[in-house]
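S.K.: Dropping a structure here in structure tokens format, bear with me for questions.
The values are calculated or read from the model by the stated rules, or taken from the named source; none is laboratory data. Since the structure is predicted, the reported quantities are computational estimates derived from the model, not experimental observations. Neighbour counts are summed over all protein chains in view; Cβ atoms, including those assigned to glycine, are modelled from backbone coordinates with ideal geometry. All accessible areas refer to the heavy atoms of the entire protein, side chains included, with ligands and DNA or RNA removed. Shrake-Rupley method; radii C 1.70, N 1.55, O 1.52, S 1.80 Å.
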Amino acid sequence: MQLSERISRISFSTIATVLQKAEALKVQDTKLADFGAGEPDFPTPDHIKQAAIDAIAEDFTKYTPTGGIGELRQALVEKHAKDYGSNYTVEECLVTPGGKQAIFEAMSAVLNEGDEVILPTPYWVTFLEIIKYVGGKPVLLETSESENFAVHAQAIGKLITPKTKLVIVNSPHNPTGAVVPPGEMEKILGLAVYHNLLLISDECYGHFLYDGRKPFSLGSSRERDHLLIVDSFSKTYAMTGWRVGFALGHRKLLANMLKLQSHSTSNPNSIAQKAALAAVEGPQGHVDRMRTEYRHRRDRVIEGLKSIPGIRCVPPHGAFYAYPNVGHYLKKNSLGDTSVLAERLLHEAHVAVVPGTAFGTQEHLRISYATSLEHIDEGLRRMAAFFSKI
Ligand SMILES: Cc1ncc(COP(=O)(O)O)c(C=O)c1O
């Protein structure tokens, strides 16, 4: 079988690989402390599920408009306006089968072979792989752990060349939980405007902010011709499996993303769109409860990690990940990078984590704390025992 050069540029998602290995152990009835999956352990709220059941009962099971049903797009722009003070129109909203698809379509629509894309490191692995797939050239912006992985507009500015086409920012951040302050985000957007670039602001974790930080979307900015907001129902409403995401941006860009959607996935699942509509229009108490619970879990995880000698961890201010540095144990055991360590944690301690190599750093592990306190306590206990032995 002759494969294309294009498909050979990318690898299977490291995160999905961890999930598969963890599943295999669960099938063998191994009691796993699973910090791997970046997905809420909460069920999808009942009123959202009921809307899907109603949609099936009412035969809402046919093709819909490719870019999503009008009611959902309308509800999305209204909710965004209410939450963040933006003023997008329905034509500036595209519903996609998951946030990932929106990112894929946007990069396909704007990048030519060799165009440079500035991507802060650590990065969510999918950004890098899509850049490579569509022929872009990733230009990695190193952030510093001692500065809590802060992304500075000035540092981005230094990497801009005549070949730069796109800048990607994800705040709150997967995998570090870092949050870019609104003022800094505005400056990054200012750079995009000045240099005629596109800025993708991935705001999938925008509702999960802690320590008094106020929800913020760059979409509330007046200068938004150079901005594409990507968002998702996956995390906000515990709807990972339903596959609904959306993008807000310039109508010309959206029209071109829509072309690709029309020849690939077509419309997002009709039933899931009705569920998404109920999510946006319905009560938001579930989101608040999840946020409160995540903050509680975050504190427990950070406390537990800090109590393991040799491990340090920057405080995450959003999302549901911790990104501890385990460099001490890598050196002590001459382990090279964290992929071997993550394997050993899985098989010897039955703790699933994602190695930081998936996110472009050598000394970290990603811990998803979207799991119960009971699992968190047990996982931390196992990690402490494991590290005390190696
Ligand atoms: C930073 C980030 N963006 C986008 C997504 C995409 O989510 P989905 O495709 O489930 O909407 C994820 C999922 O993990 C993510 O972590």
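S.K.: Taking Pro315 as meeting all but one of (1) open to solvent by 10 Å² or more (accessible area, probe 1.4 Å); (2) without any contact (Cβ under 8 Å) to a residue 40 or more places away in the chain, write down the number of the exception.
M.R.: In the conditions (1) open to solvent by 10 Å² or more (accessible area, probe 1.4 Å); (2) without any contact (Cβ under 8 Å) to a residue 40 or more places away in the chain, Pro315 misses (2) alone.
S.K.: Taking Ile156 as meeting all but one of (1) within 25 Å of Ala358 (Cα to Cα); (2) open to solvent by less than 10 Å² (accessible area, probe 1.4 Å); (3) in contact with a strand residue (DSSP E or B) (Cβ under 7 Å, 6 or more places away or on another chain); (4) within 16 Å of the ligand (Cβ to nearest atom), write down the number of the exception.
M.R.: Among (1) within 25 Å of Ala358 (Cα to Cα); (2) open to solvent by less than 10 Å² (accessible area, probe 1.4 Å); (3) in contact with a strand residue (DSSP E or B) (Cβ under 7 Å, 6 or more places away or on another chain); (4) within 16 Å of the ligand (Cβ to nearest atom), the lone unmet condition for Ile156 is (4).
S.K.: Still on this structure, I have one more. Spot the failing condition for Lys132; the list is (1) away from the ligand (no atom under 16 Å from the Cβ); (2) open to solvent by 20 Å² or more (accessible area, probe 1.4 Å); (3) within 24 Å of Gln261 (Cβ to Cβ); (4) not in a helix (DSSP H, G or I), and only one is missed.
M.R.: (4)
S.K.: Please state which one of Gly67, Gly38 is touching a helix residue (DSSP H, G or I) at 6+ places or on another chain (Cβ under 6 Å) and touching a residue at least 40 places away in the same chain (Cβ under 8 Å). First the steps, then the outcome.
M.R.: Details: Gly38 fails: touching a helix residue (DSSP H, G or I) at 6+ places or on another chain (Cβ under 6 Å).
Selected residue: Gly67, the only one of Gly67, Gly38 that is touching a helix residue (DSSP H, G or I) at 6+ places or on another chain (Cβ under 6 Å) and touching a residue at least 40 places away in the same chain (Cβ under 8 Å).
S.K.: Scan the range 163-182 residue by residue and report those that are away from the ligand (no atom under 16 Å from the Cβ) and under 19 Å from the mean Cα position of the chain (by Cα).
M.R.: Pro181, Pro182
S.K.: Given the condition within 16 Å of the ligand (Cβ to nearest atom) and surrounded by 14 or more Cβ atoms within 10 Å (Cβ to Cβ), answer yes or no: does some residue in the range 51-66 qualify? Explain how you work it out, then say what you get.
M.R.: At the first step, the residues of the range 51-66 found to be within 16 Å of the ligand (Cβ to nearest atom) are none.
Within the range 51-66, not a single residue is within 16 Å of the ligand (Cβ to nearest atom) and surrounded by 14 or more Cβ atoms within 10 Å (Cβ to Cβ).
S.K.: Evaluate the following for Lys332: is it open to solvent by 20 Å² or more (accessible area, probe 1.4 Å), out of contact with any Leu (no Cβ under 8 Å at 6 or more places or on another chain) and closer than 26 Å to Leu345 by Cα?
M.R.: Taking the combined requirement at face value, the residue satisfies it.
S.K.: Name the residues in the range 79-95 that are buried (at least 16 other Cβ atoms within 10 Å of the Cβ) and not aliphatic (A, V, I, L, M), would you?
M.R.: Correct list: His80, Asp83, Tyr84, Ser86, Tyr88, Glu92, Cys93.
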